[in-house]
Amino acid sequence: MEMQERVVAAFEAAYGRRPGVVTRAPGRLEILGNHTDYNEGTVLSVAVDRATWVSAGLSGTRECRLLDAVSGSRRGFRVDAVEARPRPGDWVNYVKGLVVELGRRGVAVPGFDLVLGSTVPLSAGMSSSAALEMSVLLALLRLAGRDLDWREMARVGQACENDYVGARTGLLDQFSSLRGQAGHLVYSDFRSLEVAAVPLPAGTALVVANSMVRHTLTGEYNERREACEEAVRLLQADGMAVRALRDVTPACLEAAAGRLPPRVYRRARHVVGEIARVEAGVAALREGRLRDFGRLLNESHESSIANFENSCPELDALVALGRSLPGALGARLSGGGFGGITVHLVEADQAAAYAEALQRQYRTRTGQAAETMVCTAAEGAGVMAS
Ligand code: GLA
């Protein structure tokens, strides 16, 4: 049974009536532009054909009941008694966080019953949490009879991550989930907050490898963000008129290199280089220079290893193996890093064989299991039925 039918059937079985609304929000892959979003930079990402579906209806009381159709896990809370800062570590916090954040924006969420079901791998770097937030948020808005601008919806999701999970993440995951278009990459500018659709080059496919190293985006992620902020402070003190790393060109950074602590310099070098690579990547795609685009993906990963230190041996092994396979165009880690997934741009007619060989050879070489999948660029989040 498809996940959409599954969450509807589970709703009927659990609550004895039909849901009032059914929503879907996809996970995402970061294609190029690593840790640039919170530096007001640009990113190329894609919404994928893995998503979280939600079926929901008014409960008629203050009580809310929640069920995860995949794990069978159940939760409940009173919609008018949600703690402003619930203790992190429980999936229900994302939902509670949404209720609180909506309340702050003048949207009173009525009591509801809800079922969710997801096909996005958890804690892998494919934004399972943004998919959950955006699908539940769409459902809650519908039940409350309210609308929010999509950028505000993204901010509500980000506030959940920042305040209820403790990761100081940017807006990339929510933007990608909301603005994806079938067959297209999403080009996001996190200064102007504008997005544009960039066609995925014809004849290519995206292969994803899950290293099964679960990443958590609290400690290391926040430390990287602080290093970026420190770089900006130090460059300002050095006389540079910059507001964010977005304003720093690679040449300016090199000129100031000797006056920055080496660690801070390397973190900034990654971000500044990534923003330049995104812009070069957009030009390469526009001009049909696919090999150049793939090379930029490879360079991004090398910079993660050397400068940002957000890779790990498992991700490096997957990237190296992938690059040696027929049909390879480019490969890199995708998302926060420190585990999670790698993304591989592959010639479409080789994609299935590539995914199979990557999984098999990774096991032979390392003795460890990795899951591979071919992903397509899907439509962004939306209400499927109401
Ligand atoms: C995570 C965060 C995003 C972004 C990426 C790295 O996915 O949630 O905001 O910072 O890492 O680019």
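Less than 15 Å from a label point 7 Å out along the Cα-to-Cβ axis of E226: which backbone N atoms in the stretch 239-266 qualify, by residue? Taking a point 7 Å out along Cα→Cβ of E226, the residues of the stretch 239-266 whose backbone N falls under 15 Å are 263-264.
Diagonalising the gyration tensor over the Cα atoms of the stretch 183-296 and scaling each eigenvalue by 5 before taking the square root yields semi-axes of 29, 19, 14 Å, largest first.
In debye to the nearest 20, how big a dipole does the chain give about its Cα centre with +1 on each Lys and Arg Cβ and -1 on each Asp and Glu Cβ?
500
Entry note, the stretch 286-336: relative contact order of 48 percent, from Cα contacts under 8 Å with a spacing of 6+ residues. Volume per residue for the stretch 85-156 equals 101 cubic angstrom (convex hull of Cα atoms). Which of V213, V43, V120 ends up with the largest GNM mean-square fluctuation for the chain, with Cα atoms connected below 10 Å? Evaluated over the chain, the most mobile residue of the options is V213. Surface analysis of the chain yields an accessible area of 39 Å² per residue, using protein heavy atoms and a 1.4 Å probe. With both bridge residues required to lie in the chain, what share of the DSSP beta bridges run antiparallel, to the nearest 5%? In the chain, approximately 95 percent of DSSP beta bridges are antiparallel ones.
Within the stretch 247-320, the GluC sites (Glu not before Pro) that combine a DSSP coil assignment with at most 11 other C-beta atoms in a 10 angstrom radius are E287.
Only protein atoms count toward the accessible area here, which uses a 1.4 Å probe; on the stretch 142-258, the carbon and sulfur part of that area reaches 49 percent.
The calculated 222 nm mean residue ellipticity attributable to helices in the chain amounts to -13000 deg cm²/dmol, summing -39500 (n - 2.57) over DSSP H runs of n ≥ 4 and dividing by all residues.
Fully extending the segment from R286 to V383 would add 31.7 nm, taking 0.36 nm per residue of separation and subtracting the current Cα-Cα distance. The H on the amide N of A381, modeled in the peptide plane, is under 5 Å from the matching H of L178, R179, G180, each at least 5 residues off or on a different chain. Under 5 Å from the amide H of R65 lie the amide H atoms of F112, D113, L114, each residue being 5 or more positions distant or on a separate chain, with H modelled from the backbone and absent for Pro and chain starts. Each label was represented as a point 7 Å from its Cα along the Cα-to-Cβ direction; for E5 and R18 these points are 1.6 nm apart. Considering only S127, S59, S135, the mean-square fluctuation computed in a Gaussian network model of the chain, springs between alpha carbons under 10 angstrom, is largest for S59.
In this label model, R259 and A237 are separated by 1.1 nm, measuring between points 7 Å along each Cα→Cβ vector. By the compact-protein rule of thumb, 2.2 N^0.38 Å, the alpha-carbon radius of gyration of the stretch 255-386 corresponds to a ratio of 1.20.
Scanning the chain for trypsin sites (Lys or Arg not before Pro) lying in DSSP loops with no more than 14 further Cβ atoms inside 10 Å, the longest uninterrupted stretch between such sites is 244-386. Rounded to the nearest 20 debye, the dipole magnitude of the stretch 155-212 is 40 debye, with +1 charges on Lys and Arg beta carbons, -1 on Asp and Glu beta carbons, and the Cα centre as origin. In percent, what relative contact order does the chain have, based on Cα pairs under 8 Å that are 6 or more apart in sequence? This gives 24 percent for the chain. Structure remark: mean-square fluctuation, Gaussian network model of the chain, C-alpha springs under 10 Å; the largest value among V48, V264, V22 belongs to V264.
Where Rh is the Kirkwood radius over the Cα pairs of the chain, the temperature 10 °C and the viscosity 1.306 mPa s, what D in µm²/s does Stokes-Einstein return? Approximately 74 µm²/s, per Stokes-Einstein. Using the alpha carbons alone, the radius of gyration of the stretch 1-160 stands to its Kirkwood radius in an Rg to Rh ratio of 0.96. Working from label points 7 Å from Cα in the Cα-to-Cβ sense, the L58 to R191 distance is 4.7 nm.
Between A81 and S324, residue separation times 0.36 nm minus the direct Cα-Cα distance comes to 81.9 nm.
The values are calculated or read from the model by the stated rules, or taken from the named source; none is laboratory data. Computed from a prediction, not measured in an experiment: that's the story for all the values here. Please note: Cβ atoms are built from the backbone with ideal geometry, for glycine as well, and neighbour counts cover all protein chains shown. Surface areas here come from the heavy atoms of the whole protein model, side chains and all, with no ligands, DNA or RNA. Shrake-Rupley method; radii C 1.70, N 1.55, O 1.52, S 1.80 Å.
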